[in-house]
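Working notes, structure below.
The values are calculated or read from the model by the stated rules, or taken from the named source; none is laboratory data. Just so you know, these numbers come straight off a predicted model, no measurement behind them. Every residue, glycine among them, receives a Cβ derived from its backbone with ideal geometry; neighbour counts consider all protein chains shown. Areas reflect the complete protein model, heavy atoms only, side chains present, ligands, DNA and RNA absent. Shrake-Rupley method; radii C 1.70, N 1.55, O 1.52, S 1.80 Å.
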Amino acid sequence: MSAVVYLHPEPRPDRAGATYPVLPVGAVAHMNALVAAGVSVRGLNLPVERVLDPAFSLEGWMAAGSEPALVFLDLHWYEHAAGVVDTAARVRRGWPGARIVVGGLTATRFAEELLALCPAVDAVVAGDAEAAVLALARGEEAPNLVSRGPDGRPVRSGASATTPQATLDAMDSVSLGWLAHADAYRRMVHSRPARLGPSIDARGQWLINGRGCAFECLYCGGARSSHQALSGLSRVLKRDPATLARDVARLQALGVQQVALTLDPDMLGRRHQDAFFEALTAQSTRPGLYVESFQLPSVRLLDHLARRADPEHSELAITPLSGDETVRWRNGKRYDNAALLERLDALAARDLSVFVFFSLNLPGEDAHTLEATVALAERILDRLPPDRVRVMNICHTLDPASPLLRDPDGHGVTEVRLRTLADYVAYGQAPRPFTFEEGERGFVVPGRDLRGMVQRWDEWCLGRGGGAIPVPRV
């Protein structure tokens, strides 16, 4: 079978730094499936390489190795749109005979446009990629593939495939033996809760526990309807909980102290959650877990984490979005402030750490509702031990395939500036740091001063210490 190279692109190749270094866990599983099938795989995480060596040259690395038959690039998150186009062109110049294939949620959304925009790309896997990746390495016809026809125009393969349960259960998102500087990568993806001292040498890694989503958050390109539109997935898929627990043990044996789960355990249901945590009990050491609660975490989940997770390396992420309950509900989060504070009290009573995320610019949030957000953040920091809590406010960018992009008029958006892949490439190439001018994040909600709102949040953070984090500029 064909030799394969996998490259995780930099969002902005003109600037060194580990911006968005997290590998899509599906891509990790694809490469491990190839290794298991006897394929020679080499992988590079370009953001990590540039951190380790700001002078790192992809061209030099390619020249030092043999040309593979296949090069896989991920375009899962829109932030990598410009990086994929740039990286594919550089690979084509260095390895003119290699077949360059791109996959991921954003690639699926813009498959035909990617082929038109980037002549270096030979094909796009649109949808589930497990069967396609193996078929491509074997030189067989691949399902879910969009490639160039004889006239150069995009052509979709006649075959389609979705991932069966047995394949999902067997996915290996643990092994990184094919990835250069895997240990350095693991050091970069640990969430580092506030209680973890800066001198602690800590490693993390993401682990697939399922696929899909049950919720319809307005801003999310991975919402329930988004999965349906992109890959036909109409329900949440769950990996076998006993297999999942064994994967956690494998990561611990590799020195990983924090395992980040891709899906909220509450969303997978009580039976799955109980089985997973009970299986963890049989292990000799408690793993650190990073869990993102898509709504409010259940008390059941808090109890499991308190009993079976390592508190030093564990953290729960909660996303209320706004201190204004109407804004929160409008954007997909179904709980009020009283319920949130009650659950945070329960979390603190169990000595758990929490990271609370707000969003500055979603529909409904303005200078007035921001005051409710600041007030709620103030109450949260006053309520919890300072080394157990962090709060952050971010600006969301319009996500491809998100419900907001599909119906902007229905949510008070008067102008959309990110619709095509070319728009996202230009967004990725635009100057940084962000200035928070109107429409900079792809959409315009009239009547609010984002720069003033950012200044208000940041000024509040100055008086609250390390637990309050200013609005990110990258």
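Before moving on, here are some points about what is shown:
- Accessible area of residue 70 (1.4 Å probe, protein heavy atoms only, ligands and nucleic acids ignored): about 0 Å².
- Accessible area expressed per residue, the range 69-119, with surrounding protein chains retained (probe 1.4 Å, Å²): 31
- A simple charge model with +1 on the Cβ of Lys and Arg, -1 on the Cβ of Asp and Glu and nothing else charged puts the dipole of the chain at about 600 debye relative to its Cα centre.
- Restriction of the GluC sites (Glu not before Pro) in the range 380-474 to DSSP coil positions whose beta-carbon has at most 14 other beta-carbons within 10 angstrom yields 437.
- Rounded to the nearest 20 debye, dipole of the range 151-192 from Cβ charges on Lys, Arg, Asp, Glu: 220
- Solitary cysteines of the chain, where the nearest other Cys Cβ is not under 4.7 Å: 118, 213, 395, 461
- The convex hull of the Cα atoms of the range 89-243, projected and averaged over all directions, covers 12.8 nm².
- Length gained on full extension, residue 235 to residue 387: 50.9 nm, using 0.36 nm per residue less the C-alpha separation.
- Here the chain carries DSSP beta bridges of which approximately 20% are antiparallel, counting only pairs with both residues inside.
- Note that the range 222-373 presents 37 Å² accessible area per residue, ligands and nucleic acids not counted, probe 1.4 Å.
- Extension gain, residue 341-residue 451: 0.36 nm per intervening residue step, less the Cα-Cα distance, totals 36.7 nm.
- A Cβ-based charge dipole, computed about the Cα centre of the range 224-324 with Lys and Arg at +1 and Asp and Glu at -1, lands at about 420 debye.
- The label point for residue 215 and the one for residue 140, both projected 7 Å from the Cα toward the Cβ, are 3.9 nm apart.
- Annotation for residue 200 and residue 283: the two label points, set 7 Å from Cα along the Cα-Cβ direction, are 1.6 nm apart.
- Option label - volume of the Cα convex hull per residue in Å³ computed here, alternatives (1) 150; (2) 195; (3) 140: (3)
- DSSP bridge pairs, the range 1-154: antiparallel proportion in percent, nearest 5: 20
- Gyration tensor over alpha-carbon atoms, the range 1-151, equivalent ellipsoid semi-axes in Å: 22, 17, 15
- Solvent-accessible area, 1.4 Å probe, carbon plus sulfur percent, for the chain: 53
- The antiparallel fraction among DSSP beta bridges confined to the range 76-193 stands at about 65%.
- For the range 292-297, backbone phi angles converted through the Karplus equation (6.51, -1.76, 1.60; θ = phi - 60°) give residue-by-residue couplings of 9, 8, 6, 10, 8, x Hz, Gly and Pro being listed as x.
- Exposure of residue 328 as accessible area (Å², to 10), given a probe of 1.4 Å and all protein chains: 0
- Between residue 300 and residue 414, full extension at 0.36 nm per residue minus the direct alpha carbon distance yields a gain of 36.8 nm.
- Paramagnetic reach from residue 464 (point 7 Å along Cα→Cβ, amide N under 16 Å) across the range 161-202: 194
- Sum of side-chain charges, residue 4 neighbourhood, beta-carbon under 12 Å (Lys, Arg +1; Asp, Glu -1): +2
- Summing charges over all other residues whose Cβ lies under 15 Å from the Cβ of residue 32, with Lys and Arg as +1 and Asp and Glu as -1, gives -1.
- Net charge, residue 463 excluded, C-beta distance under 13 Å - Lys, Arg +1, Asp, Glu -1: -2
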